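Undergrad: Mind looking over this structure? Questions follow.
Quick note: the coordinates plus some simple rules give every number you see, no bench work behind them. What you are looking at is a predicted structure, and each value in this text was computed from that prediction instead of being measured. Because the Cβ atoms are built from the backbone with ideal geometry, glycine has one as well, and the counts that use them run over all protein chains shown.
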Amino acid sequence: MTEQVRTRNPRGEGGRLRDEIVAAAVELLDETGDQSAITLRSVARRVGIAAPSIYRHFPDQPAIMLAVVRQHLTELESVLRAAVVAAGADARQKLMFLSHAYLGFAEQHPERYRVMFGGVWKPALGESSVTAADLAGLGDATLGLLTAAVEACVAAGDSASTEPYADAVALWLGLHGLAHQRSVSAVFPWPADMADRMIRSLAHLRA
């Protein structure tokens, strides 16, 4: 493959190169489904720069992966917020729309989802620039939206939950488990209403 030659950014537009590096990493991930394909050299080749140029923006490969994960989480948050808006005012419907939007994102973007929540990306803490603090807040927006949705169902009398946060965590784990199993057990005869059954149970929705 011929290496792309990139036009140098004007002074003061370093942020543009950073975005291009992240975009290149996302493309490689989508194409290969393998985070090991994302190396400083492969990303540099895709962008059309020398590998050392990446160090001005990212100290190592895990730092690039962290930026990729953060971008995917932002995309997921946008999808989930759009689902909440589309659901209208009904609290139960908001929770259902939100949960199905989560499952839909996982199905439509399997490579991205596996890197975000599937344990594919495991940075070696202490051996890279990524720290425990960098990882601590990942996914908080998703959990916050689920918690708010369960709380709204409780307030509307639609849920018998007495611990909305804990039940939102259980719902998140349930959604993740279903998303994962759907991706690895494509021929399993899933009941058509499996997701709705799980959501109703874990969120303690009233009949």
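Undergrad: Taking the radius of gyration and the Kirkwood hydrodynamic radius from Cα positions alone, what is the Rg/Rh ratio for the chain, to two decimal places?
TA: 1.05
Undergrad: Within 10 Å of each candidate Cβ there may be at most 15 other Cβ atoms; applying that plus a DSSP loop requirement, which GluC sites (Glu not before Pro) in segment 98-207 survive?
TA: Here the sparse-neighbourhood loop sites are Glu127.
Undergrad: Among 36-43, 92-99, 57-64, 135-142, how do they line up by average Cβ neighbours within 10 Å per residue, starting with the highest?
TA: Highest to lowest by the protection proxy: 92-99, 57-64, 36-43, 135-142.
Undergrad: Give me the angle, in degrees from 0 to 90, between the Cα long axis of helix 140-155 and the longest principal axis of the Cα atoms of the chain, rounded to the nearest 10.
TA: 10
Undergrad: Among residues other than Ala141 whose Cβ falls under 12 Å from its Cβ, what is the net charge (Lys/Arg +1, Asp/Glu -1)?
TA: On the way: positive: Arg70, Arg81; negative: Glu75, Glu77, Asp140.
Counting the neighbours of Ala141, the net charge comes to -1.
Undergrad: Relative to the longest principal axis of the C-alpha atoms of the chain, give the angle of the C-alpha long axis of helix 164-184, reported between 0 and 90° and rounded to the nearest 10°.
TA: Tilt relative to the chain: about 60 degrees.
Undergrad: Taking springs between alpha-carbon atoms closer than 10 angstrom, which of Asp193, Asp158, Asp30 fluctuates most in the Gaussian network model of the chain?
TA: Among Asp193, Asp158, Asp30, the largest GNM mean-square fluctuation belongs to Asp193.
Undergrad: How high is the relative contact order of the chain? Use alpha-carbon pairs under 8 Å, at least six apart in sequence, and give a whole percent.
TA: With pairs under 8 Å counted, the relative contact order is 18 percent.
Undergrad: Right, here's the next one. Among residues other than Cys153 whose Cβ falls under 10 Å from its Cβ, what is the net charge (Lys/Arg +1, Asp/Glu -1)?
TA: -1
Undergrad: Going by alpha carbons, how many degrees (0 to 90, nearest 10) lie between the helix axis of 14-32 and the longest principal axis of the chain?
TA: Computed tilt is about 70 degrees.
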